[in-house]
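Notes follow once the structure below has been shown.
The values are calculated or read from the model by the stated rules, or taken from the named source; none is laboratory data. Since this is a predicted model, take the numbers as computed values, not measurements. FYI the Cβ positions are ideal-geometry reconstructions off the backbone, even for glycines, and counts take in every protein chain you see.
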Amino acid sequence: MDFTTKVEIDSNGISIDHKSRLLMLGSCFTDNIGNRMAGAGFEVTVNPWGVLYNPDSIITALESTITPNPEFTEWTQKQPDTTPRLQDFDIIILTLGTSWIYRLKSTGHTVANCKKQPESLFTRMQMPIDEIVAKYSHFIEEIAIPNRQKLIFTVSPIRHRREGMHANQLSKATLLLAIDSLQARYPDHVAYFPAYEIMMDELRDYRFYADDMLHPSTLAVEYIWQLFSTTYCNKATIQLINQFEKLNRTLAHRPLDAANPEYQALKSTTEQQIKQLKYAIQN
């Protein structure tokens, strides 16, 4: 007997293994899943400019991997030591958080992070569906398709209370409709992973939220990560993920005496096993 409403998930033919080269951009939910992928031995670059929430800043970040954009990086959370190159990636995973954007009045461009500057410097507006679709369509047609790159979109389950709950729902709906249009246009290159729906339907109880009642709890993120990995990874890749996670749990253990020779030997052995596993995958 099921006590939750299960969300159907379609991989849309996209497969991820340890040979895949992944770029992940978007809201802090990207960090949650990206960190798990990195810990599981995947070759993944996660939010090199820091957290990005709105679709305008995310598409600008993608374009910045081709042509550097100082105007964009000036208003990001951080600046990467080395700007990633788009051609180095096979799969791009994008988590859109909100359709609300802030445009700098002096220049008119959208900022990725307001950096706690006065609101009077910005114009706040909601990015329309057709504008989101147009910008991403151009990227997909001109860059992703010629480079045989796949895109996985997801909508962050994190609610933006500052906008108001009704405005948050309208914002999420805007993102969902835009992604649905892109998936319909480019079915061979675009997939959608329903993280938002999983959180809203399968994990609707507040016990699956963090203390702020807005962000998913660690348990919820783990559950969504399991669904993500089983959707896009085959059995052999899942086995490798399990091996990495087992080794990581050993490293995460905190003994009473970290200087204990037995613990140090175990730590050294485990770190060596991780290196050997990564080497075996790459070769």
Next on the checklist: Quick check on residue 61: is it modelled with pLDDT of 95 or more and in contact with a strand residue (DSSP E or B) (Cβ under 8 Å, 6 or more places away or on another chain)?
Outcome noted: yes
Checklist entry - What are the pairs, 6+ residues apart or on separate chains, where a residue within the range 200-221 that is modelled with pLDDT of 90 or more has its Cβ under 8 Å from a residue that is basic (Lys, Arg) and buried (at least 18 other Cβ atoms within 10 Å of the Cβ)? => result 221/36
Checklist entry - What are the pairs, 6+ residues apart or on separate chains, where a residue within the range 27-39 that is farther than 17 Å from residue 238 by Cβ and touching a residue at least 60 places away in the same chain (Cβ under 8 Å) has its Cβ under 6 Å from a residue that is outside any helix (DSSP H, G or I) and aromatic (Phe, Trp, Tyr)? => result 27/53
Item to check | Checklist (1) surrounded by 19 or more Cβ atoms within 10 Å (Cβ to Cβ); (2) in a helix (DSSP H, G or I) applied to residue 48, failing item | outcome: (2)
Next on the checklist: Quick check on the range 151-181: of everything there that is out of contact with any Cys (no Cβ under 8 Å at 6 or more places or on another chain) and under 19 Å from residue 225 (Cβ atoms), which residue is surrounded by the fewest Cβ atoms within 10 Å (Cβ to Cβ)?
Outcome noted: 152
Item to check | Answer residue from the range 10-39, given it is modelled with pLDDT under 95 and within 21 Å of residue 187 (Cβ to Cβ) and is surrounded by the fewest Cβ atoms within 10 Å (Cβ to Cβ) among those | outcome: 13
Next on the checklist: Yes or no: the range 181-192 includes at least one residue that is in contact with a Ser or Thr (Cβ under 9 Å, 6 or more places away or on another chain) and in contact (Cβ under 8 Å) with a residue 60 or more places away in the chain.
Outcome noted: yes
